[in-house]
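Working notes for the structure below.
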Amino acid sequence: MEYRIPQEFKAVADILQGWERGRSLFGYDDVLVWQHGVGLKIALRGDALRIEKHVFEDPMIRNEGHWLDQDMQKQFFGAEVHVRLSPNGYPDIRGGIGQSMPDPSAHLSEVIDGIESTIREFLSRSGMDSDIDVRVMLMPAEGSPWEIKSKTTSYYNAKSGAIEATTTPEWLTSVEVRNEEGTYVKAPGADFCKIAPTLHAEPGGPILVNDPVKNISFMMTHGFDFFRPGVDWKNIAGFINRCGGLLFPSIGVGQIPAAAIGIIVFVLDTGVVLQGTKPYRSSRGRWPVVTYTTDAWTETTGDFLGQASHLAFQQLTGQWSPSIYGRPHFYVLGPRISRTSEDIGGELVLDTKKLSSVVFRRSRVWHRDLSSIEIESLGSELTVDRYPYIEAKANGIVAVDALAACVVPSFLGRAVGAMLRAINFQGTVLPIKVTSVKAKALEDGSDLGILYDYSWRVHDVVSELARSTGRIETLRL
């Protein structure tokens, strides 16, 4: 299969593999090249988190005095590339292809455009068509080149110096995405249930966190319901079984759950969230869970079964390049870290001191004796305190064994019981009796006072279970 990869293409990969400043700048480890029709594709592959931190978090890249442009082109054309002052006193790049990206800074996409133009010139000087299609992209370490119309795609790895091959990925799936006309069409995707890490917990673990310094206890919960059109317990159980747990769930952290989102409440082992904060988080690398001081915008489950799945497929197979619009993100890392709450003072929670402080402040605002009018007023204010809990987002699958308990309103007991049996739930079921009038209000969410009262009843039953069984984590600071 080696004959399918021209020597000129290998030379391009070897040059980029030897570009020390490029590896340092982008964070890639190896360079892969393969033939795409009559054109060339190049993937700069490396650790997803490292690349994200190097060039995705701030996609504007320094190029004062053309230093990056010059260094990149020297890799291809040697000493003929240099910078000198023009008659008007501004530095100009000479040799190679001249200026290929803006000065003093260039967007990541503009840097990639410059690299592609330089490669085209290099291949032209090697006797190839000057209009050859060249595409340079960044790829997470989990990916490898694969063209969807071929069962096997061969490529050259400049780091190993060998020809390697990718067969049809095991995680390949089909999803629906919107095209440019706004209609939904079938597209290849990556099944996150097969590529996301799974967060487990030991049986009988803690379900309540206590900070004796601030004299506050709180829990980690995920609320859901059966009230959406076309969704019942069989749909939910089927997806949980196929995925091995909850995919990238949002987790409420506080004295009470997010009952407005769902009145059926999974109570998680506290370690699921705490492992994302210091001192519980002791290793570097990916955050298993990200916690925010307020609600944060992140992708929905629908996104991960649609557009995000398609983007992950493109990123993992060499079909994707970052756009000048928006902020790029590698979806093998899970949901993007949200920055959208900054306008109301939201920020990341990195350690347990911050976690306890924020939850304590929230408990002073959202105390148990609020009236319905006060609840309505607090919820309508665009501040960090507009919800009685803070939000954590799992960057993986929360396994069923990490769901320590399930709080269920009595009128949903039969359906929820069937769902829990279907997913082999081994935790504790905590039923809450409600009247028929309150059941209707809980189902349609029309009475915030009743929802708030129900939330505190969830707090009570979870606290009672935790204290009677000793399943309390004394917070390490």
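We did not get these values from a lab; they are worked out from the coordinates using the rules stated. Keep in mind it's a predicted model, so treat the numbers as computed, not measured. Cβ: placed from backbone, ideal geometry, glycine included. Neighbour counts: every protein chain shown.
Okay, here's what the table says:
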{"quantity": "The range 436-457-the range 71-138 distance, computed between alpha-carbon centres (Å)", "calculated": "64 Å"}
{"quantity": "Student exercise, the range 325-477 dipole from Lys, Arg, Asp, Glu Cβ charges, in Debye to nearest 20", "calculated": "480 debye"}
{"quantity": "Convex hull per residue volume in Å³, alpha carbons only, for the range 286-383", "calculated": "138 Å³"}
{"quantity": "Amide hydrogen neighbours beyond the local backbone of residue 264, cut-off 5 Å, H modeled", "calculated": "224"}
{"quantity": "Long-range HN-HN contacts of residue 406 with modeled amide H, under 5 Å", "calculated": "267, 428, 429, 430"}
{"quantity": "Cut-off 13 Å (backbone N to label point 7 Å along Cα→Cβ of residue 469), residues of the range 252-284", "calculated": "267-270"}
{"quantity": "Cysteines without a disulfide-compatible partner [the chain; Cβ-Cβ under 4.7 Å]", "calculated": "406"}
{"quantity": "Solution diffusion estimate, µm²/s, Stokes-Einstein, the chain, Kirkwood Rh from C-alpha pairs, 37 °C, viscosity 0.692 mPa s", "calculated": "131 µm²/s"}
{"quantity": "Filtered GluC sites (Glu not before Pro), the range 356-407: DSSP coil and at most 12 other beta carbons within 10 Å", "calculated": "381"}
{"quantity": "Whole-number percent relative contact order across the chain, with pairs defined as alpha carbons under 8 Å at least 6 apart", "calculated": "18 percent"}
{"quantity": "Ordering of 11-21, 360-370 by packing [mean C-beta count within 10 Å, highest first]", "calculated": "11-21, 360-370"}
{"quantity": "Relative contact order, percent, the range 2-175 [alpha-carbon distance under 8 Å, six or more residues apart]", "calculated": "26 percent"}
{"quantity": "Relative pair counts by distance (%), Cα atoms of the range 2-175, 10 Å bins", "calculated": "10, 36, 35, 15, 4, 1"}
{"quantity": "Interchain or long-range residues, amide H under 5 Å from residue 105's placed H", "calculated": "63"}
{"quantity": "Given charges at beta-carbon only (K, R positive; D, E negative), |dipole| of the range 2-175 in Debye", "calculated": "260 debye"}
{"quantity": "Pairwise FRET efficiency - residue 126 versus residue 185, Cβ, R0 = 35 Å, nearest 0.05", "calculated": "0.35"}
{"quantity": "The chain: DSSP helices with Cα axial extent of at least 30 Å and average Kyte-Doolittle hydropathy no lower than -0.5", "calculated": "448-469"}
{"quantity": "Most positive-pole-ward Cα, 83, 122, 43, against dipole of the range 2-175 from beta carbon charges", "calculated": "122"}
